[in-house]
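One structure is given below, encoded as structure tokens.
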Amino acid sequence: MKKIYSLIAIALLSVTSAFAQRYMTEQFSSVNVQTDVTYGVNATVLYYSQLGQAVPEPLKMDVYSPAGDTETNRPVILYFHTGNFLPFPQNQGAGGTRTDSTIVEMCTRLAKLGYVVASCDYRLGWNPIAATQEERVNTLINAAYRGVQDGRTAVRFFRKTAAEDGNPFGIDPTRVAVWGQGTGGYITFAITGIDAYTDLLLPKFTTSTGVPMVLDFVNGDINGTSVGVNPLNGDTLCYANHVGYSSDVSVALNMGGACGDISWIDANDNPMISFQVPSDPFAPYYYGMVIVPGLNLPVVEVSGSYDVQLAMSQYGNNGIFELAEGYALGQPYTDAANTTNNGFHGLFPLERPTGMEADTAPWEWWDAATNPNSANGLATNPDMSAAKGMAYCDSIMGYSVPRIACALNLNTSPCYIGVEENEEVSFNVFPNPANESFAIRASERVSAIRVFDAMGRVVYNSNTTNQEVVFVDSSNWSAGMYTVEIHTSNNAVARKKMLKN
């Protein structure tokens, strides 16, 4: 796949501009950026060695939006940067801030498509040089847990502003995606995969004395919506933010991260998209050990992008992405991914040539003259340049854009499930939101019913007996948005959205 981005660029020259559609191709020439937006406040342990306690820290983000846009109901993407859960430049890496070159580039590109995009900071701090592996695991899983709390806090922040503050960012609170780069990829996988505190109660996240490394009454709940206090000294480790709003997201994207444990992936997870260098020596592509870059210290065994996508395929969670594979503008990227992804929809292995196996983030670039950690970055990315980084961004965007649009069920996506009601037939779904069951009342006799979940999968398919009122059992369905499609005896088709509590 070396130089694949050049081949893709050539292939795209043959595609006409007839595909210019919001969220699929660039619609805006510039973006507005609102910097240092506070999306929450929570306790950081970053200064614990100096202060002896956790202290409240404002959680900040930069919000990108299309300049001159008149739309006020736009999907939002939350973007989480890399950095090894340590502050820059102390992390010894060439990046680790919400204004890294790649971050700014990707957020700008997404905003030019029409999205609202938030580049989010999150709480940092762990001990990568601890004397024992157990202490390294303990401090890292707690750092990752705080990152998940902060990511979900950012999701709720946007929903709260839409509900209570007049929707100042012009977002659609039902369409939220999370995007993680490097360390941020660990956060986005966990945001999607961790369903309950019990997901953390695993042997590898338990101390040698049998105590869980994460305690919800100490660290706060998995969403950051409860107060967590250390009973030994009364130190507050978590403050509740934006309680009462959903932390759910519709799709997650990972660039170079991994999943803390494969058990977090189940049939209820929303779609995931993964980009990873298979030869990554620090974050495993399959199942393996996380290694501290530079120090080469082992931390904990995790599941990389291949194993995650294998599980997603087995559960059918990424089925919606199959419909994105015929999208003309994305076809070169799909073809490139499919040569090595074992047929897993949503996986793009970024193979590096011989001698460059340790180039774990070929999409990154920085100013070598001013970056204090440039030498460390060049050790694994020696041919780093803006041109190379942007070329990889081209491939990542080309593969991601149609799949994110499909997962969000945007009406310009290649797999949009229309919800406009047929003018010749009307029907109601009640109650809506539904609980254990719901009824369909139509203006004509109904001959067939299909119900799709948010990923486009058929969860209900039934031929009826030409009734005008039909009852459907939804007791075993997961909470979320569904599309109800009816066929009438006169061969008319109509669709409506339904929310399941």
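The values are calculated or read from the model by the stated rules, or taken from the named source; none is laboratory data. As the structure is a computational prediction, the values presented were derived from the model and not from experiment. When we count neighbours, we look across all protein chains shown, and the Cβ atoms used for this are built from the backbone with ideal geometry, even at glycine.
Details
- Looking only at the stretch 455-501, and only at residues there that are within 30 Å of Asp195 (Cα to Cα), small (Gly, Ala, Ser) and more than 27 Å from the chain's Cα centre (by Cα), the one that is surrounded by the most Cβ atoms within 10 Å (Cβ to Cβ): Ser474
- Within the set Ala240, Ala190, Ala196, the sole residue that is within 30 Å of Gly319 (Cα to Cα), surrounded by fewer than 22 Cβ atoms within 10 Å (Cβ to Cβ) and hydrophobic (A, V, I, L, M, F, W, C) turns out to be Ala196.
- Flag if Pro128 is at pLDDT below 95 and under 26 Å from Asn381 (Cα atoms): yes
- Matching residues, the stretch 33-60, being surrounded by 16 or more Cβ atoms within 10 Å (Cβ to Cβ), closer than 23 Å to Arg159 by Cα and either touching a Leu at 6+ places or on another chain (Cβ under 8 Å) or aromatic (Phe, Trp, Tyr) (or both): Tyr39, Gly40, Asn42, Ala43, Glu57
- Matching strands (runs of 3 or more DSSP E) fully within the stretch 38-129 where at least 2 residues are over 18 Å from the mean Cα position of the chain (by Cα) and of a type in the set (A, V, I, L, M): 55-66
- Scanning the stretch 59-101 for residues that are of a type outside the set (A, V, I, L, M, F, W, C) and farther than 24 Å from Val31 by Cβ yields a count of 7.
- Sole residue being assigned by TED's automatic domain parsing to the domain that holds Phe321 and within 20 Å of the chain's Cα centre (by Cα), chosen from Asn241, Asn223, Asn219: Asn223
- Reported count of residues in the stretch 257-305, each being in a helix (DSSP H, G or I) and buried (at least 20 other Cβ atoms within 10 Å of the Cβ), is 2.
- Looking only at residues in the stretch 312-369 that are among the hydroxyl-bearing types (Ser, Thr, Tyr) and under 27 Å from Asp269 (Cα atoms), the one that is surrounded by the fewest Cβ atoms within 10 Å (Cβ to Cβ) is Thr339.
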